[in-house]
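Notes follow the structure.
FYI, it's all coordinate maths here, none of it is from the lab. Worth saying up front: this structure is predicted, and the values here are computed from it rather than measured. Reconstructed Cβ throughout: ideal geometry from the backbone, glycine too, with neighbour counts over all protein chains shown.
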Amino acid sequence: MVTAVADRTPVIVGIGLSDYPKAPHLDSIGHHAQAAQRALADAGVAKADVDGYVSTAMGGDDTTVGMAEYLGIDHRYIDSTMTGGSSFEFHVQHAAAALREGLCETILVTYGSDFLSRMGRTLGTGGFGRASRHIGGPPQFEAPYGNTLVGAYAMAARRHMHEYGTTPEHLAEIAVGVREYAGLNPNALYRDPITVDDVVNSRLVADPLHKLDCCVISDGGGAVVMTTAERARDLPQPPVYVLGAAGGQSHWNISQMPDFTSTAAARCGPEAFAQAGITPDDVDTIQFYDSFTITVLLLLEGLGFCKQGEGGPFVAEGHLRRGGKLPLNTDGGGLSSCHSGMRGIFLLIEAARQLRHQGGASQVPDCNIAVACGSGGWLSCIGTVVLGREHP
Amino acid sequence: MTMDVRHVDEWTKPVPAPEPVSSEFWSAAAEGRLLIQRCPSCGSRQFYPRALCTACGGVPEWEEASGRGTIHTFTVIRQQGAKTFRDEVPYVVAMIELEEGPRMMGNVTGCPVDSVSIGMAVRAYAVEAEPGVAIPFWEPSP
């Protein structure tokens, strides 16, 4: 007798965003809850059927165990991995393995942050992790010097310019292209078109990064529902298949970055692509963590979309623009639309929207394969997820 | 003595909280010595100080550095929300590559911010933040 083996290929079957970019009526927990409701409704899954729960937080009230209680989820799989903004790409790696292994059947991933309403626009320039005057642990070797989050990325940008001749105009091109997509997103924080000149003439925040090289600060949350391909057959949305997922870390604190011009993307990118059996040429759209323009450049090089050091000229050729061969951040990205602290989940949500061909005005034509690549910390922890429209 | 130790009327910036491993570094700085670690097993040098060698897992020993280095990369902080640093903008935050190999973060002072460049030679001095705790800073080599 032949027994049919259940198809446990991991898939994303539901996505949801909470109100953004300004939502003073929601606290962080409220963003988690609203995004969860919307993702479950999108997936056609009852909350009672969720048996896996995943989230992470930046030290607020929304701890993973606290949120599991708040949402009322009886989980048999839980993951609170915290790698900064890339956490959700690592979550997918873990969730995919858990689903294949049969640890659970349906996983809910949530994120929520009221950063703009609670903290104002302080994340990048002084509002990050300075609660006490006496600093312990490894940060004590950085804290006396007054570096900022922007300053950390600026040091990477400066070194890249020094070694490879990358210019402020190259970096600016990234911000200009993402802003064009933001113009198509009615919810985006900033929607008016900008030019390369606008970016390089905006004020320097931390040399060589200008104001328009930096992501926005917003409120916002997101949720993703994952299950098996078997179960997805009974659900309303086209399943988005997890074709590959890998992560890596090169350092945590910026002063420990071994090479200021390259990241762990150079390791985890090729690994995720190999799992998926694809090359960079097969990718139809990239949803990359655009905390700063330099972040995108380093991820492009790391994942092999161009050679190390050639990111500047590659970007200048316009590939990342609407109509280019590799459209970037079709929701308007963190640079123009929504960045509430840890953007990684929005990369997955927008990639899924594109692969479901529900992108509306910003739909990438014939979108079959999308890559979500998150960067957490200070270019520290990189997670790469390859998603596809067709069953592998 | 590797570093000139200087005093300020009032230190208002963050202060390191010396811990079992780090306390030796800060107190040595107050005496004008800049310490890094070297592993007697594998010879690897490292900074910041840790309880183990990141290369081989051995137990590192202290080594006095020359206090000379070059700027590996840097930024000029021009916008700063934290009160303790706001009045100092623009200022330079740099990664200093020590003559001995490891890098450390620091401020480069004593020169216009626009004169700082990658590869520039710098030397360390120390500023006392609390009795027995001094913070290394950097200025252009003469």
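Things to note:
- Chain A: angle of helix A:344-355 to the longest principal axis, Cα-based, in degrees nearest 10: 60 degrees
- Rel. contact order, % - alpha carbon contacts under 8 angstrom, at least six apart, the stretch A:188-248: 19 percent
- Applying 1/(1 + (r/R0)^6) with R0 = 30 Å to the Cβ-Cβ distance of A:TYR70 and A:MET119 gives a FRET efficiency near 0.90.
- For chain B, modelled as a GNM whose springs connect Cα atoms under 10 angstrom apart, the maximal fluctuation among B:GLN37, B:GLN46, B:GLN79 occurs at B:GLN79.
- GNM top mover of A:HIS357, A:HIS134, A:HIS91 - chain A, alpha-carbon springs below 10 Å: A:HIS134
- Cys residues of the protein assembly as shown counted as unpaired, since no other Cys beta-carbon is under 4.7 Å: A:CYS104, A:CYS214, A:CYS215, A:CYS268, A:CYS306, A:CYS338, A:CYS367, A:CYS373, A:CYS381, B:CYS111
- If you run the Gaussian network model on chain A, springs between alpha carbon atoms under 10 Å, then out of A:GLY177, A:GLY137, A:GLY16 the most flexible one is A:GLY137.
- Alpha-carbon gyration tensor eigenvalues x 5, square-rooted, for the stretch A:215-334, Å: 26, 18, 17
- Descending Cα extents along the principal axes, the stretch B:1-131, whole Å: 45, 33, 29
- Alpha-carbon centroid distance for the pair the stretch A:276-324 / the stretch B:94-142, whole angstrom: 35 Å
- For the pair B:LYS83 and B:VAL59, a Förster radius of 45 Å applied to the C-beta separation gives a FRET efficiency near 0.65, rounded to the nearest 0.05.
- Packing, as the average of other Cβ atoms within 10 Å across residues, places the peptides A:180-187, A:208-215 in the order A:208-215, A:180-187, highest first.
- Pairwise label distance in nanometres, A:THR279 with A:ALA97, each label 7 Å out on the Cα-Cβ vector: 2.9 nm
- Distance between the 7 Å Cα→Cβ label points at A:THR63 and A:ALA41: 3.1 nm.
- Peptide B:46-53 shows a mean partner chain C-beta count of 2 within 10 Å per residue C-beta.
- Mean projected area of the Cα convex hull of chain A, taken over all directions, amounts to 18.7 nm².
- Folded to 0 to 90 degrees: helix A:265-276 orientation relative to chain A principal axis, Cα: 30 degrees
- In plain terms, the C-alpha convex hull of the stretch A:31-189 casts an average shadow of 13.3 nm² when viewed from every direction.
- Among A:235-247, A:313-325, B:106-118, A:47-59, the peptide with the highest mean count of other Cβ atoms within 10 Å heads the list, and the full ranking is A:235-247, A:47-59, A:313-325, B:106-118.
- Mean shadow area of the stretch B:96-142 over all directions, Cα convex hull, nm²: 3.9 nm²
- Per-residue mean of C-beta atoms belonging to partner chains within 10 Å, peptide B:97-110: 2
- Taking every residue in B:115-124 and counting other chain Cβ atoms within 10 Å of its Cβ, the average works out to 1.
- Values of log10 I(q)/I(0), in the order q = 0.10, 0.19, 0.22 Å⁻¹, for the stretch A:96-211 under a Debye, Cα-only, solvent-free model: -0.53, -1.10, -1.21
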